[in-house]
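I have placed the structure first, in the form of structure tokens, so that the comments after it can refer back to it.
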Amino acid sequence: MSKKVAVTGTPGVGKTKIARLLAEELDAEYFDVTEEVREGSSAGYDYDRGVPVADIKALRDTVSDGDEDGGEDGDENGDGNVVLDGHISHHLRPDAVVVLRCRPDVLRERLVERDWDDEKVRENVESEALDILLAEALGATRGRDVPVIEFDTTDSTPEEAAERIVRALEESEGEDSIGVVDWSDHIDIEIEGEREGKEREVPD
């Protein structure tokens, strides 16, 4: 079983719930990458986006220290595993990457329910439709023996997804498992929706 498993994906795909369940299944430490950035592993602040800028080197050091100490609380886990939860977790030199996916129209509904502004919703839905996080994960692991495993969570409960991921990690044998979704039909829909929105904004 992999020692460090990164759970990544566009905001709204279900990373946190699934990552926590996966940590339980693997008897692993759960590591919240976003929270760690907020608590200090940052390299400044992006005032335009209203978020801290992640310090990847500091995050890698923190994760490595946790490995040596047996987890962030110093307790030994069953297999010394850690599950990294966050949309940049694939940059932290994991031993396996799980990319969670969600159909763009469903993702849009989830983000709107979070009361996100239209621009932020559009940006993230487009990112999902264009496979941005999957491409990033493949790029971050290029040249290393790290499997990238893609999962469509659109119609799965977090529990079902976690169980499927455990099986896939056991069966992966270091091979990628990608291409399980094709959101190309949604790209034109998103572009058309953006165009219509801009037309409505044009004053009389």
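The values are calculated or read from the model by the stated rules, or taken from the named source; none is laboratory data. Just so you know, these numbers come straight off a predicted model, no measurement behind them. Note that each Cβ is placed from the backbone with ideal geometry, even for glycine, and that neighbours are counted across all protein chains shown.
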Quiz item: Give me the pairs: first residue in segment 97-121 and more than 28 Å from Ala23 (Cβ to Cβ) and free of Cβ contacts under 8 Å to residues at least 60 places away in the same chain, second residue surrounded by 17 or more Cβ atoms within 10 Å (Cβ to Cβ) and of a type in the set (Val, Ile, Thr), beta-carbon distance under 8 Å, and six or more apart or on different chains, which are they?
Solution: Arg108/Val121; Arg108/Val125; Val112/Val121
Practice problem: Kindly list, by first and then second residue, each pair from a residue in segment 33-50 that is without any contact (Cβ under 8 Å) to a residue 12 or more places away in the chain to a residue that is surrounded by 10 or more Cβ atoms within 10 Å (Cβ to Cβ) and part of a strand (DSSP E or B), limited to pairs with Cβ atoms under 6 Å and residues at least 6 apart or on different chains. | Solution: Gly44/Val53; Tyr45/Pro52; Asp46/Val53
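Would you mind listing the helices (runs of 4 or more DSSP H) fully within segment 56-165 where at least 1 residues are touching a His at 6+ places or on another chain (Cβ under 9 Å), within 19 Å of Val33 (Cα to Cα) and at pLDDT 95 or above? Before you say what the answer is, go through the steps one by one.
Numbers: elements: 56-69, 104-113, 118-129, 132-140.
Output list reads 132-140.
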Quiz item: Looking at segment 35-61, which of the residues that are in contact with a Ser or Thr (Cβ under 9 Å, 6 or more places away or on another chain) and crowded, with 19+ Cβ neighbours inside 10 Å is nearest to Ala161 (Cα to Cα)?
Solution: Glu36
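Looking only at segment 138-167, count how many residues are surrounded by 13 or more Cβ atoms within 10 Å (Cβ to Cβ) and either at positive phi or without any contact (Cβ under 8 Å) to a residue 24 or more places away in the chain (or both).
Selection size over segment 138-167: 4.
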Self-check item: Residues (out of contact with any Leu (no Cβ under 8 Å at 6 or more places or on another chain) and assigned to a helix (DSSP H, G or I)) located in segment 20-38
Solution: Arg20, Leu21, Leu22, Ala23, Glu24, Glu25, Thr34, Glu35, Arg38
Quiz item: For segment 115-137, which residues satisfy the criterion of being surrounded by fewer than 18 Cβ atoms within 10 Å (Cβ to Cβ) and of a type in the set (A, V, I, L, M)?
Solution: Leu130, Ile132, Ala135
